[in-house]
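*Asks:* I'd like to ask you about the structure that follows.
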Amino acid sequence: MRPDMELIGALLTLLSSASAQLDAAGGIQEPLRPPLDPTKYKAACPDYKNYAMRQHPPYGEGPMSLPFQRPSKHCRTFESPLVEKVIDDFNGKLIDKDIARIFENAFPNTLDTTVRWHVDGTQKHKSSKRKWDPKAWKGPQSFIVTGDINAEWLRDSTNQLAQYQLLAKKDKAIHNLILGAINTQAEYVIESPYCNAFQPPPPSGLSATYGGDGDEVHPTYEPSFVFECKYELDSLAHFLSLTNQFYKHTGSTEFINPRWLLAIDTLLETLTAQSKPTFDEETGVYRRNDYTFKRRTDTGTETLNLNGVGNPLNGGTGLVRSAFRPSDDATILGFFIPANAMISVELKRLATILEKAGKKQLAATTRSRGETIAAGVWEHGVVQHKKYGKVFAYEVDGFGSSILMDDANLPSLLALPLLGFVSNDDETYQNTRKMILHKNGNPYYLTGTEFHGIGGPHVGLQHAWPMSVLVQVMTSESDGEIEKCLGLVKNASRNGLLHEGVNVEYVSDYTRPWFAWANSVFAQTILDLAQRKPHLIFGKGAEAYHIG
């Protein structure tokens, strides 16, 4: 019997027993037996990946009659009364009831399904065969999986939690969850700063999942600790972003402890190592990079050429190398501009926090590094396009070569204003935006009869990512453009949830039924519009919505 059928059977047995206890004369019901043990409910919970592929009642009030895709409250991995209040508020305010149903499913999706382990710092850790540094894993900890893969990506988990940062000051449970996520990410960065995805923490008692791809990576890593070790500059930037967002919304500096400071030192050392050129600037002699990656594969984007090093990079640029993109695809030219832009901003934001905390020398170091990287982006990452004028390149090598495109994954060129690197009305950004949202300007801008948006090599040449269309919404001031984009995303979310990629000709053909990151970006988009353009989603004359 399937686990979900077992749960239904158990509940029916309880109801049958209750009915049998009715008094024949008076019809008075005897007290029910004690409720089922919550652990038994958990054991009967269906696999959410399969659950998300099917439609479940009650169906929404909108024309699309979208299903309710939240798991049973007994199967949810984290609860927040404030999250439930926000959902109730938006159900009442949103004029498009299909959008309301998607928000109801998407906004809590990370909490409902991906918090595999959370402790508030008072519990005793579970015993484990895996050993760990006795100085590690102190205080609150949170292990947030990406969805259908039982591993935590630094990038994904930061974005999955982003919509809850707004609530952290008013909800102690959310506050503690995000603080735990910062502490957990710090341990990952300390142990393996070149890696992108991680196994459950040793104290969690959860089993590791092994990919078995036969990767040859330097520096070596521990497979029971690391799920995948693709060096992506944006992973380190997202660790900083998680911290900076938390500080912005709470004003708390609880995360500043010896382990977090060690993680920051480790991150800065990694940036220094990955700023070195391929050839010595004085002698011209080849210097092997500290990081190399080789995978046995027939897919070119899954490994680095030139024996795991990648294409040559020039010195003196101020930029930092990234071996892989946020899509987990290999870079062609290793100076990946969106990640350099992002980390430059996050380093400068971090410097402000460190200054207020009295860490003046470290603050000066992080600020200087952020300014150097930002200058490198403007000097080497901006190129002249014969049609669009000055635009940001996607990747450069410092020798004068550049790649002109954009990918749906964040950070992206489209998202530069969201990252805080430029304003929406910046001329170079606007030129870039026109380029990457046009088929003739961006090879991965995909158009079809049912959908259009930015995709990328990760899922092929027919599937665009709804997430890219949501970023288009958040970087637009045009009501018409925003409404058109929301309509596209709504039409592509017929199961009431967002997918990774959808076929632009036939949106029922999609990748990943359960992708928490994309659902979080949808929630962030609706929350953004609720403050920035409330009339579009709440109706004419509506006031901005604020959490509270």
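*Asks:* Quick check, is SER423 open to solvent by 20 Å² or more (accessible area, probe 1.4 Å) and among the hydroxyl-bearing types (Ser, Thr, Tyr)?
*Replies:* Here the answer is yes, as SER423 does meet what is asked.
*Asks:* Give VAL145, VAL226 a once-over and let me know the one that is over 28 Å from LEU497 (Cα atoms) and of a type in the set (A, V, I, L, M).
*Replies:* The match here is VAL226.
*Asks:* For region 279-288, does any single residue satisfy the condition of being crowded, with 18+ Cβ neighbours inside 10 Å and either modelled with pLDDT of 95 or more or within 23 Å of the chain's Cα centre (by Cα) (or both)?
*Replies:* no
*Asks:* Go through region 130-167 and give me each residue that's aliphatic (A, V, I, L, M), modelled with pLDDT of 95 or more and more than 13 Å from the chain's Cα centre (by Cα).
*Replies:* Selection gives LEU166, LEU167.
*Asks:* Just to verify a result, which residue in region 242-265, among those that are within 22 Å of the chain's Cα centre (by Cα) and of a type in the set (Ser, Thr, Tyr), is most open to solvent (accessible area, probe 1.4 Å)?
*Replies:* TYR247
*Asks:* Can you tell me how many residues in region 167-185 are touching a His at 6+ places or on another chain (Cβ under 7 Å) and surrounded by fewer than 21 Cβ atoms within 10 Å (Cβ to Cβ)?
*Replies:* 1
So that you can scan it fast, the table gives a plain yes or no per residue for (1) crowded, with 17+ Cβ neighbours inside 10 Å; (2) assigned to a loop (DSSP other than H, G, I, E, B); (3) within 23 Å of the chain's Cα centre (by Cα); (4) touching a residue at least 24 places away in the same chain (Cβ under 8 Å):
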position	(1), (2), (3), (4)
LEU446	yes, no, yes, yes
THR449	no, yes, no, yes
GLU481	no, no, no, no
ASN519	yes, no, yes, yes
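*Asks:* A further question follows. Pull up region 49-86, narrow it to residues that are assigned to a loop (DSSP other than H, G, I, E, B) and charged (D, E, K, R), then point me to the one that is least open to solvent (accessible area, probe 1.4 Å).
*Replies:* For region 49-86, the residue satisfying everything is ARG70.
*Asks:* If ASP213 passes every condition in (1) open to solvent by 10 Å² or more (accessible area, probe 1.4 Å); (2) within 19 Å of THR146 (Cβ to Cβ); (3) among the acidic types (Asp, Glu); (4) not in a loop (DSSP other than H, G, I, E, B) but one, which one does it miss?
*Replies:* (4)
*Asks:* Residue under question is ASN307, and the condition is that it be open to solvent by 10 Å² or more (accessible area, probe 1.4 Å), farther than 22 Å from LYS348 by Cα, part of a helix (DSSP H, G or I) and in contact (Cβ under 8 Å) with a residue 12 or more places away in the chain; does it hold?
*Replies:* yes
*Asks:* While we're here: Could you please tell me which pairs satisfy a Cβ distance under 6 Å, a separation of 6+ or placement on different chains, a first residue in region 360-371 that is at positive phi, and a second residue that is crowded, with 18+ Cβ neighbours inside 10 Å and at pLDDT 95 or above?
*Replies:* Matching pairs, first to second residue: none at all.
*Asks:* Could you list all residues from region 358-390 that are surrounded by fewer than 17 Cβ atoms within 10 Å (Cβ to Cβ), touching a helix residue (DSSP H, G or I) at 6+ places or on another chain (Cβ under 8 Å) and of a type in the set (A, V, I, L, M, F, W, C)?
*Replies:* The answer is ALA364, and nothing else.
*Asks:* Condition first: acidic (Asp, Glu), farther than 12 Å from LEU419 by Cα and crowded, with 24+ Cβ neighbours inside 10 Å. Now tell me which residues in region 228-241 satisfy that.
*Replies:* If the condition is that a residue be acidic (Asp, Glu), farther than 12 Å from LEU419 by Cα and crowded, with 24+ Cβ neighbours inside 10 Å, then GLU232 is the only one that fits.
*Asks:* Checking the conditions here, which among THR301, THR297 is part of a helix (DSSP H, G or I), open to solvent by 20 Å² or more (accessible area, probe 1.4 Å) and touching a residue at least 40 places away in the same chain (Cβ under 8 Å)?
*Replies:* Criteria check complete, one pass: THR301.
The values are calculated or read from the model by the stated rules, or taken from the named source; none is laboratory data. Computed from a predicted structure; not experimentally measured. FYI the Cβ positions are ideal-geometry reconstructions off the backbone, even for glycines, and counts take in every protein chain you see. When the accessible area is computed, the model is the full protein with side chains, heavy atoms only, and any ligands, DNA or RNA have been set aside. Shrake-Rupley method; radii C 1.70, N 1.55, O 1.52, S 1.80 Å.
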